[in-house]
Amino acid sequence: MSGKDWRRLDESDVRIRPGKGTRPRSKRRPEHADASTAMVIGKDRGRWTCAIDSDPDRVVTAMRAREMGRVSVVVGDTVGIVGDVSGKPDTLARIIRVDERSSVLRRTADDTDPYERVVVANAEQLLIVTALADPPPRTGFIDRCLVACYAGGLEPVLCLTKADLASPDELLAGYAGLDIPAVVTRHDEHPDELAGRLKDRVTALVGHSGVGKSTLVNRLVPDAGLATGVVSAVGKGRHTSVAAVALPLPGGGWVVDTPGIRSFGLAHVTADDIVLAFEEFAEAAEECPSGCGHLGPPSDPGCALDDVVTEGHASPERLGSLRRLLGSRAGHDDER
């Protein structure tokens, strides 16, 4: 504007370059009506392996769409996918939504950690693998797994391995009051009964090192090594032995191996979460004093759960089993 009298300028003489922040933005997001539905079967470093329509023969690699922000996506999630879903090498699709979860297996690092970690979504049952000997059973860990099941909406199933080394009778008797399905396996026999229970269902597996969980997985899924390798390739070569991975069963269904779980912190679980899983005690729990831990005297002298047993609506063994789980949640167990 050199040579011009600034006092004679009007708005037509002013040129303003719009900044990046002045561009109007729409809150509308694409509907993606043509999105494919898939099951997340593996995750590694910002990439997810997904099976289109839960078909193990239609596996694609996907990233989370920018519009999703930091929405959690875990193994077992049902997601919507757009983009290249051919599954060809070097292709990448986008996850644009996560459907509502029917169940969630959560844990915390310990009982004081407020941060919940979602391990598996939408599993129908949790197979708690425990050896009867070498190593000996850890009932504290079993109890904590049961608490996580009841709080997350999964059906628990006990799998007792190495029955050729010790009898399962004593351990089974300890859980008789909970009516938990149980399968007993031996090292020298194929787990046919277990395979039948897992068929056409999504099942998460947990267990300590040495209990025989890897042996079971390899027997149930003959191509487990190959399937794990496919998922591993997603994360630029890192092996997924510390992350959950879903493996397809030959006869239908999925097993989700969770080798990274060695203990269950239960900071996210309340006493009422557990009691609600026991229908005969749920209504009575509403009559308990505020903050009642439902452990009974002397910890909770006003607990109404005892009345359910007194009135004959539940057995003392059933209440004893429930309170053992409540004690585990409260940190009264000595094994985690």
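The values are calculated or read from the model by the stated rules, or taken from the named source; none is laboratory data. Here the structure is a predicted model, which is why all the values come from computation and not from measurement. All Cβ positions, even for glycine, are placed from backbone atoms using ideal geometry, and neighbour counts span all protein chains on display. Side chains are part of the model used for accessible areas, which takes the heavy atoms of the whole protein and leaves out ligands, DNA and RNA. Shrake-Rupley method; radii C 1.70, N 1.55, O 1.52, S 1.80 Å.
Residues that are in contact with an Asp or Glu (Cβ under 7 Å, 6 or more places away or on another chain) and within 18 Å of Met39 (Cβ to Cβ): which strands (runs of 3 or more DSSP E) entirely in the stretch 54-148 hold 1 or more of them? Here the list reads 78-83, 93-98, 117-121, 125-131.
Number of residues in the stretch 33-54 that are surrounded by fewer than 19 Cβ atoms within 10 Å (Cβ to Cβ), touching a residue at least 24 places away in the same chain (Cβ under 8 Å) and of a type in the set (D, E, K, R) equals 3. Counting only helices (runs of 4 or more DSSP H) wholly contained in the stretch 264-336, the ones carrying 2 or more residues that are farther than 22 Å from Val104 by Cα occupy 279-285, 305-310, 316-329. Can you tell me which residue within the stretch 163-205, out of those that are in a loop (DSSP other than H, G, I, E, B) and polar (S, T, N, Q), is most open to solvent (accessible area, probe 1.4 Å)? If we take residues in the stretch 163-205 being in a loop (DSSP other than H, G, I, E, B) and polar (S, T, N, Q), then Ser167 is most open to solvent (accessible area, probe 1.4 Å).
Looking across the stretch 69-84, the residues that are over 12 Å from Arg47 (Cα atoms) and touching a strand residue (DSSP E or B) at 6+ places or on another chain (Cβ under 7 Å) come down to Val71, Ser72, Gly76, Asp77, Thr78, Val79, Gly80, Ile81, Val82, Gly83, Asp84.
Conditions (1) acidic (Asp, Glu); (2) without any contact (Cβ under 8 Å) to a residue 60 or more places away in the chain, marked per residue:
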site	(1), (2)
Pro136	no, yes
Val147	no, no
Asp169	yes, yes
Val184	no, yes
Asp188	yes, yes
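Scanning the stretch 264-323 for residues that are among the β-branched types (Val, Ile, Thr) and surrounded by fewer than 17 Cβ atoms within 10 Å (Cβ to Cβ) yields Thr270, Thr310.
Name the residues in the stretch 55-98 that are of a type outside the set (D, E, K, R), open to solvent by 20 Å² or more (accessible area, probe 1.4 Å) and touching a Pro at 6+ places or on another chain (Cβ under 9 Å), would you? Within the stretch 55-98, Pro56, Ile96 qualify.
Could you grab me the full set of residues in the stretch 113-159 that are within 16 Å of Leu205 (Cα to Cα), open to solvent by 20 Å² or more (accessible area, probe 1.4 Å) and of a type in the set (Phe, Trp, Tyr)? Hit for the stretch 113-159 is Tyr150, nothing else. The set of residues in the stretch 216-227 being at pLDDT 90 or above and part of a helix (DSSP H, G or I) consists of Leu216, Val217, Asn218, Arg219, Leu220.
One residue stands out among those in the stretch 206-215 that are without any contact (Cβ under 8 Å) to a residue 60 or more places away in the chain and of a type in the set (Gly, Ala, Ser): the one that is surrounded by the most Cβ atoms within 10 Å (Cβ to Cβ), which is Ser214.
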